[in-house]
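The values are calculated or read from the model by the stated rules, or taken from the named source; none is laboratory data. Not measured: the values here are computed from a predicted model. When we count neighbours, we look across all protein chains shown, and the Cβ atoms used for this are built from the backbone with ideal geometry, even at glycine.
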Amino acid sequence: MTTTSADNGTSAGDGSGRGSDSGASSGGESGAWSWFSSPRKDTTAAEREREPAPVEIPSRAVTPIRPVGSGAVRRATAEAGAETGGDAAYPAAQAEARVRAEPSAPTSEEHQRATDEARPDPAWTDGAIPRGPEPAAAAPPPAPAPAPAPAPAPRAEVREPTSDSGLIRRTLEEVEPVADSATAYFYAMLFVQHPHLRELFPASMDTQRDRIFRALLTAARLADDPVVLSEYLSGLGRGHRKYGTLPEHYPAVGECLIGALTRYAETTWSQAAEDAWVRAYTMISQIMIDAAAEDEKRAPAWWNAEVVAHEARTPGVAVVTVRPDQPYPYRAGQHTSLETPWWPRVWRHYSFASAPRSDGLLSFHVKAVPAGWVSSSLVHRARPGDVVRLGPPTGSMTVDHTTDSGLLCLGGGTGIAPIKALVEEVAEHGRSRPVEVFYGARSDYDLYDLDTMMGLQSRHPWLSVRTVVSEGPARGSAHSRMPAGMEPPLAGQLPDIVRHYGPWSAYDGYLSGPPGMIRSALDALRGSGIPPHRIRHDSLEALVAAAE
Ligand SMILES: NC(=O)C1=CN([C@@H]2O[C@H](COP(=O)(O)OP(=O)(O)OC[C@H]3O[C@@H](n4cnc5c(N)ncnc54)[C@H](O)[C@@H]3O)[C@@H](O)[C@H]2O)C=CC1
């Protein structure tokens with residue numbers, strides 16, 4: 001999830017993360033895979049030059065997917081359906097509505113009914129996707145109105161891209177405006193056709209729903225950078241271990257994904273697009289499966305960790321300290337995903353609030369946000385003795401010890417947690433480099449970690465900590481945290497204040513806090529002389545998701 005600003009917030013990391021050209025049809029044989037590259041042999045030299053360099057992917061057999069959306073499969077199934085006299089209309093919209101209404105796994109009776117309903121429609125033999133009302137005979141019990149499929153747009157006379165990456169991007173562009181409906185359709189198909197997979201997902205799919213599309217967009221955006229894409233997918237594969245994802249789950253997901261794309265990328269879908277997606281998905285699966293298998297050799301899928309301390313710093317912010325049941329190696333500046341016993345299969349990201357400690361304890365700063373189930377539970381419900389689960393550490397907002405540059409660190413609100421960890425790591429490393437911390441909050445009462453930061457400043461002459469409040473000081477009031485005699489906080493938004501203290505060209509930037517702060521601080525730091533590749537922060541996409 002962590003990135004430098006150079007890659008626009010789409011990073012290698014957990015959700016962070018994540019054969020040959022004919023791998024899809026060959027079942028994932030080993031060879032040099034090209035990222036989204038076309039298998040066609042008739043590309044021109046210029047086209048070949050534009051293709052991304054092939055990446056060596058370790059070989060491991062992957063079951064090829066059988067795309068239910070493919071014309072060929074639809075035809076074959078329809079013919080079989082006609083032979084057996086099956087009604088076979090696919091009421092995806094109703095299935096989707098039922099999944100929305102009943103988030104838990106269907107009973108076996110429901111499964112049977114849903115599977116019956118999910119048979120492809122013989123009408124698809126002509127390639128047309130049914131849009132009108134479903135036949136009454138196939139209709140399930142009344143359900144909320146389904147999301148309508150997009151009205152068929154007139155087919156534009158645009159030349160079809162020849163590369164796989166071009167075909168894939170074109171599909172995603174068409175689907176993006178209707179991504180909600182497409183992903184709802186995707187999950188409906190997945191749970192109706194493979195009900196056993198339902199238990200891998202949280203009971204409420206609200207925040208889960210758009211993740212797959214976001215991951216696809218990220219992969220498509222990174223398609224021209226094979227190394228970063230490979231890191232991203234490997235991280236995704238490792239991160240999926242904690243969900244219980246197995247290699248045999250991938251073909252089911254691929255089939256339903258292509259089924260959803262077939263329906264919602266109606267204008268741009270073609271045999272070539274489908275072939276490109278099958279190749280890309282097979283390759284994505286291969287990398288994720290291989291990364292998970294590699295990871296299995298050296299790390300558990302998750303760590304159990306017992307809460308050993310819970311300290312309320314404000315009514316909405318707590319410092320939670322846990323003891324993992326096995327050694328948990330990580331670096332200051334990284335983050336992990338955490339699942340509480342109260343919201344099974346709902347994982348949220350938290351940064352480590354200290355550098356690795358000799359006693360093996362980990363701490364997190366957690367702010368309860370409205371509708372933030374995990375955060376609210378951790379702040380208001382968790383107590384010593386409770387056991388949470390941790391995913392693997394991830395992120396690259398770590399200190400670069402190969403340079404003597406100073407560190408300019410901005411921590412907004414609970415974003416101060418990883419900044420404190422970075423300061424501790426610099427201190428432990430023993431080589432003094434100037435570290436300038438700007439710690440921002442709404443009022444000085446919200447500077448809940450002020451004592452710790454001031455303690456660090458008093459011990460380390462190379463460290464300077466300035467406080468900034470954006471909504472006015474509480475100094476002098478009963479809520480003030482500022483000790484008598486201490487400089488009052490600077491007033492304003494964190495990035496504006498930092499800009500004012502520049503130039504910062506001799507520093508590397510480390511940004512942690514709300515997504516809006518990071519965006520605006522990126523501008524401020526670039527304007528103050530720090531090139532983008534020397535500014536580190538966690539993925540904006542992941543931070544936006546975490547704030548939801
Ligand atoms: N690794 C990371 O980047 C981490 C990020 N976070 C995120 O930090 C956030 C903390 O939330 P709160 O404590 O409520 O912080 P907050 O909303 O109170 O903001 C703290 C300070 O950041 C600055 N800020 C906020 N929005 C800004 C904007 N749009 N433009 C310029 N400056 C802005 C202001 O100076 C403000 O006082 C959460 O969204 C959390 O997910 C938390 C921990 C680690």
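Overview of values
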{"quantity": "Criterion (part of a loop (DSSP other than H, G, I, E, B), modelled with pLDDT of 90 or more and away from the ligand (no atom under 14 Å from the Cβ)) met by exactly one of PRO483, PRO488, PRO461", "calculated": "PRO461"}
{"quantity": "Residue that is touching a Lys or Arg at 6+ places or on another chain (Cβ under 9 Å) and among the basic types (Lys, Arg), where the choices are ARG238, ARG170", "calculated": "ARG238"}
{"quantity": "Subset of segment 355-395 [polar (S, T, N, Q) and either over 22 Å from PRO300 (Cβ atoms) or surrounded by 20 or more Cβ atoms within 10 Å (Cβ to Cβ) (or both)]", "calculated": "SER363, SER375, SER376, SER377, THR394"}
{"quantity": "Conditions (1) within 11 Å of the ligand (Cβ to nearest atom); (2) of a type outside the set (Phe, Trp, Tyr); (3) at pLDDT 95 or above; (4) part of a strand (DSSP E or B): number failed by ALA353", "calculated": "(4)"}
{"quantity": "Unmet criterion (only one of (1) within 21 Å of the chain's Cα centre (by Cα); (2) surrounded by 24 or more Cβ atoms within 10 Å (Cβ to Cβ)) for ALA301", "calculated": "(2)"}
{"quantity": "Test for GLY440: is it more than 16 Å from the ligand (Cβ to nearest atom), outside any loop (DSSP other than H, G, I, E, B), modelled with pLDDT of 95 or more and closer than 26 Å to THR336 by Cβ", "calculated": "no"}
{"quantity": "Residue in segment 211-226 that is touching a strand residue (DSSP E or B) at 6+ places or on another chain (Cβ under 6 Å) and part of a helix (DSSP H, G or I) present", "calculated": "yes"}
{"quantity": "Residue list for segment 360-405, filter: part of a loop (DSSP other than H, G, I, E, B) and touching a helix residue (DSSP H, G or I) at 6+ places or on another chain (Cβ under 7 Å)", "calculated": "ALA368, VAL369, GLY391, PRO392, MET397, VAL399, HIS401"}
{"quantity": "Matching residues in segment 418-445 - criterion: being buried (at least 24 other Cβ atoms within 10 Å of the Cβ) and either among the small types (Gly, Ala, Ser) or closer than 11 Å to GLY513 by Cα (or both)", "calculated": "PRO418, ILE419, ALA421, TYR439, GLY440, ALA441"}
{"quantity": "Filter result for GLU425 (outside any helix (DSSP H, G or I) and more than 11 Å from the ligand (Cβ to nearest atom))", "calculated": "no"}
{"quantity": "Among residues of segment 224-282, those that are farther than 23 Å from GLU160 by Cα and among the aromatic types (Phe, Trp, Tyr), counted", "calculated": "3"}
